[in-house]
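Single-structure report; data block below.
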Amino acid sequence: MLRSIELRALAASPTRHVSVVIDEPIAALPSLTPVQGELAVAHRGDFLEVAGHAQTIVTLACDRCLQQFNHRLATNFEEVIWLEDAPVEVPLELEVPPAHLDELLPRDGRLDPVDLIYQHLCLELPVRNLCSEQCQGVKTTQPQEPGLDRRWSALARLREELG
């Protein structure tokens, strides 16, 4: 189990750099294989430079035919995380300019590498889950009687019994 990176200790280290190798399942991400990857974090005083890559295989359900299929999920990312002295309380009514939407961490806080990799893997999940581009969707059969769907046959029998 990977531990979080203490930012104060990272800032005090001689290299101000740490590399983390991950080869374990992430509880929040149901996957067939453990998540494998690497994360490099460099402390640059007022910000962290984070770069990493990770991959795993997840099972998805096709949006057309509803069959399950395996999908290789991979991410390769670089990110800057700004460090702040104390968290600033922002009123709910205040409009926040887009320049202030960067990720912030307290200088004396911790960086959770597993959570960071989880977030980037989630961003790589496909919006449309298709088992293949040629997927025809759910196979339907023609109803035996014109205008009667077989799923309504029990209701039709009940109507005959009552009528």
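Just one of the listed residues (ILE57, ILE81) is in a strand (DSSP E or B), farther than 17 Å from ASP115 by Cα and of a type in the set (Val, Ile, Thr), namely ILE57. Taking each residue of region 23-50 that is among the basic types (Lys, Arg) and looking for partners that are not in a strand (DSSP E or B) with beta-carbon atoms closer than 9 Å, six or more apart or interchain, yields ARG44/ARG16.
Kindly indicate whether any position in region 43-50 is within 30 Å of ASN129 (Cα to Cα) and among the hydrophobic types (A, V, I, L, M, F, W, C).
Applying the first criterion (within 30 Å of ASN129 (Cα to Cα)) to region 43-50 yields 50.
Now narrow it down to the ones that are among the hydrophobic types (A, V, I, L, M, F, W, C): 50.
Yes: region 43-50 contains one or more residues that are within 30 Å of ASN129 (Cα to Cα) and among the hydrophobic types (A, V, I, L, M, F, W, C).
When region 33-47 is filtered for residues that are modelled with pLDDT under 95 and either of a type in the set (A, V, I, L, M) or on the phi > 0 side of the Ramachandran plot (or both), only GLY45 remains.
Just to be sure I understand, how many residues within region 4-22 are of a type outside the set (Val, Ile, Thr) and either buried (at least 17 other Cβ atoms within 10 Å of the Cβ) or free of Cβ contacts under 8 Å to residues at least 60 places away in the same chain (or both)?
The first filter runs over region 4-22 and keeps only residues of a type outside the set (Val, Ile, Thr), leaving 4, 6-14, 16-17, 19.
Now drop any that are not either buried (at least 17 other Cβ atoms within 10 Å of the Cβ) or free of Cβ contacts under 8 Å to residues at least 60 places away in the same chain (or both), which leaves 7, 9-10, 12-14, 16-17, 19.
Number of matching residues: 9.
The values are calculated or read from the model by the stated rules, or taken from the named source; none is laboratory data. Values in this document were obtained by computation on a predicted structure and should not be read as measured data. All Cβ positions, glycine included, derive from the backbone under ideal geometry; neighbour counts span all protein chains shown.
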